[in-house]
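The structure appears below as structure tokens.
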Amino acid sequence: MFSSQILLFFLLGLLLGSFFNVVGLRLPRRQTFTNDRSRCPTCKQTLSWYELIPVLSFLLQSGKCLHCKTRISSMYPIIELITACLFAYSFVRIGIQLELIIALLLISMLMMILVTDLIYMIIPNNLLLFFFPILIILRLIAPLDPWWSAPLGMFIGFSLILMIILISRGGMGAGDMKLFAVLGVALGIDKILLTLFLASVIGSIIGLLLLHLKWIKRKQPLPFGPYILLATLLAYFYGDQMINWYWHLF
Ligand SMILES: [Zn+2]
């Protein structure tokens, strides 16, 4: 019974993950994603339902378009799989509670940002403007303990990134600043600070590693989205344990 529910959240994540790919790909180009069916970006052939099954179509077609044989980016099935795993994990960790909706919204927003960040290196305003009021309302109904952790998290998240922008002049963008304000509402003051800390640590380690392996050049701009996603989820799901562990060091 329980495992069938986990499977349900996994499948929901697969389906929505495929939708997040489409939104992330089209939103920055101001294309609609409701009345136009998916087409191959190369040969413009309209795709049938069996070419649009998350992950499965990609595997069955060995990652190629059936019509023109152009390679399909492996980013699409990876986004679908990560979303599916995160949806299933959120259900296992949180159970059926209002907090589960907050977790799923948070994951949805971050996955779409991951797509836009990887392809265009931007965080669309429309996306943040969509999730911001919904998360505020949900945090009013399911408040953090203490309740002021959410508004303070929003304020500090915004202000800290603003300071980083002013000091580093171009290290981070206005999109990151607005994103951290939205994340602050969902995570609260302690975990938004932890998110920023983890994102910088993960970003530095991976940046140095890529530099060492000569996969990137010095000063080459890197998408910050993947680190923010990873840091946010670590802080959201394991923040209490990490903060507890830290205090017990002394
Ligand atoms: Zn094609």
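Yes or no: segment 169-181 includes at least one residue that is surrounded by fewer than 17 Cβ atoms within 10 Å (Cβ to Cβ), of a type in the set (G, A, S) and touching a residue at least 12 places away in the same chain (Cβ under 8 Å). Yes, some residue in segment 169-181 is surrounded by fewer than 17 Cβ atoms within 10 Å (Cβ to Cβ), of a type in the set (G, A, S) and touching a residue at least 12 places away in the same chain (Cβ under 8 Å). Looking at I119, is it of a type outside the set (D, E, K, R), over 23 Å from A235 (Cα atoms) and buried (at least 18 other Cβ atoms within 10 Å of the Cβ)? Against the criterion (of a type outside the set (D, E, K, R), over 23 Å from A235 (Cα atoms) and buried (at least 18 other Cβ atoms within 10 Å of the Cβ)), I119 does not qualify.
Residue-wise test of (1) assigned by TED's automatic domain parsing to the domain that holds L196; (2) under 21 Å from K191 (Cα atoms); (3) at pLDDT 95 or above.
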| site | (1), (2), (3) |
| --- | --- |
| I107 | no, yes, yes |
| L110 | no, yes, yes |
| V115 | no, no, no |
| I119 | no, no, no |
| I134 | yes, yes, yes |
| I137 | yes, yes, yes |
| L140 | yes, yes, yes |
| L144 | yes, yes, no |
| G153 | yes, yes, yes |
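Every condition in (1) surrounded by 20 or more Cβ atoms within 10 Å (Cβ to Cβ); (2) touching a residue at least 24 places away in the same chain (Cβ under 8 Å) is met by S57 except one, and the failing one is (2).
Considering only residues of segment 74-105 that are β-branched (V, I, T) and in a helix (DSSP H, G or I), which is farthest from A186 (Cα to Cα)?
Quick first cut of segment 74-105, residues β-branched (V, I, T) only: 78-79, 82-83, 92, 94, 96, 101-102.
Going one step further and asking which of them are in a helix (DSSP H, G or I), we end up with 78-79, 82-83, 92, 94, 101-102.
Details: I78: 25, I79: 22, I82: 20, T83: 18, V92: 19, I94: 15, I101: 11, I102: 7 Å.
Restricting to residues being β-branched (V, I, T) and in a helix (DSSP H, G or I), the top hit is I78.
Conditions (1) under 30 Å from L129 (Cβ atoms); (2) at pLDDT 90 or above, marked per residue:
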site	(1), (2)
L12	yes, yes
L25	yes, no
K64	no, yes
S90	yes, yes
L98	yes, yes
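Screening segment 132-250 for helices (runs of 4 or more DSSP H) wholly inside it with 2 or more residues that are among the aromatic types (F, W, Y) and touching a Leu at 6+ places or on another chain (Cβ under 9 Å) returns the ranges 225-247.
Might you let me know whether segment 3-10 holds any residue that is β-branched (V, I, T), within 16 Å of the ligand (Cβ to nearest atom) and farther than 23 Å from A231 by Cα?
If we filter segment 3-10 for residues that are β-branched (V, I, T), which is where we start, we get 6.
Add one more test, that the residue is within 16 Å of the ligand (Cβ to nearest atom), and what stays is none.
No, there is no match, as no residue in segment 3-10 is β-branched (V, I, T), within 16 Å of the ligand (Cβ to nearest atom) and farther than 23 Å from A231 by Cα.
Going by the conditions given, is S57 at pLDDT below 90, closer than 26 Å to L86 by Cβ and either within 16 Å of the ligand (Cβ to nearest atom) or not assigned by TED's automatic domain parsing to the domain that holds S73 (or both)? Before you say what the answer is, go through the steps one by one.
Values: at pLDDT below 90: no; closer than 26 Å to L86 by Cβ: yes; either within 16 Å of the ligand (Cβ to nearest atom) or not assigned by TED's automatic domain parsing to the domain that holds S73 (or both): yes.
No.
Give C68, C40 a once-over and let me know the one that is within 14 Å of the ligand (Cβ to nearest atom) and buried (at least 16 other Cβ atoms within 10 Å of the Cβ).
Values: C68 fails: buried (at least 16 other Cβ atoms within 10 Å of the Cβ).
Testing whether each residue is within 14 Å of the ligand (Cβ to nearest atom) and buried (at least 16 other Cβ atoms within 10 Å of the Cβ) leaves just C40.
The values are calculated or read from the model by the stated rules, or taken from the named source; none is laboratory data. Computed from a prediction, not measured in an experiment: that's the story for all the values here. Glycine gets a Cβ as well: all are built from the backbone with ideal geometry, and neighbour counts include every protein chain shown.
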